[in-house]
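Visitor: One structure is given below, represented as structure tokens, and several questions about it will come after.
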Amino acid sequence: METTIALRALMVEPLSREAFAPFGEVIETAGATHYPINQGSTERFHDLARVDVVGGRTLINIFRGQPFHLPVEVRLLERHPLGSQAFVPIDGQRMLIVVAPPGELDESAIRAFISTPWQGVNYATGTWHHPLLTLAARGDFLVVDRGGPGDNCEERLLAQPRRIESLPV
Ligand SMILES: NC(=O)N[C@@H](O)C(=O)O
Ligand code: NI
């Protein structure tokens, strides 16, 4: 009989600029520097995230994420050593965001966040993260990342996979 190993639970936190700071930036109007442009007809929310493209060029993409439903098992993380990667919802879908700080992967430092329909994220260069997890419904995301030579995606299977069973109320 196969024994199923109980995966260690991973608690989900609401996404905030402050909490996400070790991993990159939150792309949202709340709390952002902003000022009127175009003779006052437009408000510019300025310089929301740092885009890095080491030895390559900036790509603008759209990722169409198929929906995931709880519970979600986190079995791998990846990182992009040559550039940042930003995800901004186009149609108001929320993301389940699983990250760990750049550098050697420390599985004890893995954290999970849930975004609002108005929040995007920018993973700083080298930040460990799970590939796109769109919750509940298919979602399109504008993605800004790096194109060019070299291997810019390193995947790592977790020694201790985690399980996300619930979201913060
Ligand atoms: N592989 C790819 O382009 N996508 C991942 O990097 C991701 O973070 O979803
Ligand atoms: Ni990625």
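For every residue, the table says whether it meets (1) touching a Pro at 6+ places or on another chain (Cβ under 6 Å); (2) open to solvent by 50 Å² or more (accessible area, probe 1.4 Å); (3) aromatic (F, W, Y).
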| position | (1), (2), (3) |
| --- | --- |
| V54 | no, yes, no |
| L77 | no, no, no |
| V98 | no, no, no |
| P102 | no, yes, no |
| A124 | no, no, no |
| R138 | yes, yes, no |
| R146 | no, no, no |
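Visitor: Only one of these is open to solvent by 40 Å² or more (accessible area, probe 1.4 Å), touching a strand residue (DSSP E or B) at 6+ places or on another chain (Cβ under 9 Å) and assigned to a loop (DSSP other than H, G, I, E, B): A6, A32. Name it.
Guide: Of A6, A32, the one residue that is open to solvent by 40 Å² or more (accessible area, probe 1.4 Å), touching a strand residue (DSSP E or B) at 6+ places or on another chain (Cβ under 9 Å) and assigned to a loop (DSSP other than H, G, I, E, B) is A6.
Visitor: So, one more: Pairs needed: first member in the stretch 76-99, on the phi > 0 side of the Ramachandran plot and away from ligand 2 (no atom under 14 Å from the Cβ); second member anywhere, open to solvent by 40 Å² or more (accessible area, probe 1.4 Å) and not charged (D, E, K, R); C-beta distance under 7 Å; at least 6 residues apart or different chains.
Guide: What qualifies is G92/P117.
Visitor: Within the stretch 56-75, take every residue that is over 20 Å from W118 (Cβ atoms) and open to solvent by less than 20 Å² (accessible area, probe 1.4 Å) and give me the one that is nearest to the chain's Cα centre (by Cα).
Guide: V74
Visitor: May I pose another question? Check L105 against each of (1) within 17 Å of P22 (Cβ to Cβ); (2) in a strand (DSSP E or B) and name the one condition it does not meet.
Guide: Looking at each condition in turn, L105 falls short on (2).
Visitor: Right, next: Out of all the residues in the stretch 35-53, which are at positive phi and either part of a strand (DSSP E or B) or of a type outside the set (G, A, S) (or both)?
Guide: Within the stretch 35-53, N38, Q39, D47 meet the criteria.
Visitor: Just name the residue that is farthest from ligand 2 (Cβ to nearest atom) out of those in the stretch 42-53 that are of a type outside the set (A, V, I, L, M, F, W, C) and touching a residue at least 40 places away in the same chain (Cβ under 8 Å). Let's see the steps before the verdict.
Guide: Going residue by residue through the stretch 42-53, those that are of a type outside the set (A, V, I, L, M, F, W, C) are 42-44, 46-47, 50, 52.
Filter once more, keeping what is touching a residue at least 40 places away in the same chain (Cβ under 8 Å): 50, 52.
Values: R50: 16, D52: 13 Å.
Filtering the stretch 42-53 for residues that are of a type outside the set (A, V, I, L, M, F, W, C) and touching a residue at least 40 places away in the same chain (Cβ under 8 Å), the one farthest from ligand 2 (Cβ to nearest atom) comes out as R50.
Visitor: Just checking, how many residues over the stretch 108-137 are within 16 Å of ligand 1 (Cβ to nearest atom), aliphatic (A, V, I, L, M) and part of a strand (DSSP E or B)?
Guide: Counting residues in the stretch 108-137 that are within 16 Å of ligand 1 (Cβ to nearest atom), aliphatic (A, V, I, L, M) and part of a strand (DSSP E or B) gives 3.
Visitor: Just the residues that are hydrophobic (A, V, I, L, M, F, W, C) and either within 14 Å of ligand 2 (Cβ to nearest atom) or part of a loop (DSSP other than H, G, I, E, B) (or both), please, taken from the stretch 54-73.
Guide: Step one: list which residues in the stretch 54-73 are hydrophobic (A, V, I, L, M, F, W, C), which gives 54, 59-60, 62-63, 68, 70, 72.
Within the stretch 54-73, V54, L59, F63, L70 meet the criteria.
Visitor: Against the definition (open to solvent by less than 60 Å² (accessible area, probe 1.4 Å) and not in a loop (DSSP other than H, G, I, E, B)), how does A19 come out, yes or no?
Guide: So A19 passes the test.
The values are calculated or read from the model by the stated rules, or taken from the named source; none is laboratory data. Keep in mind that this is a model prediction, so the values were computed, not measured. Every residue, glycine among them, receives a Cβ derived from its backbone with ideal geometry; neighbour counts consider all protein chains shown. Protein only, heavy atoms only, side chains kept; ligands, DNA and RNA dropped before computing areas. Shrake-Rupley method; radii C 1.70, N 1.55, O 1.52, S 1.80 Å.
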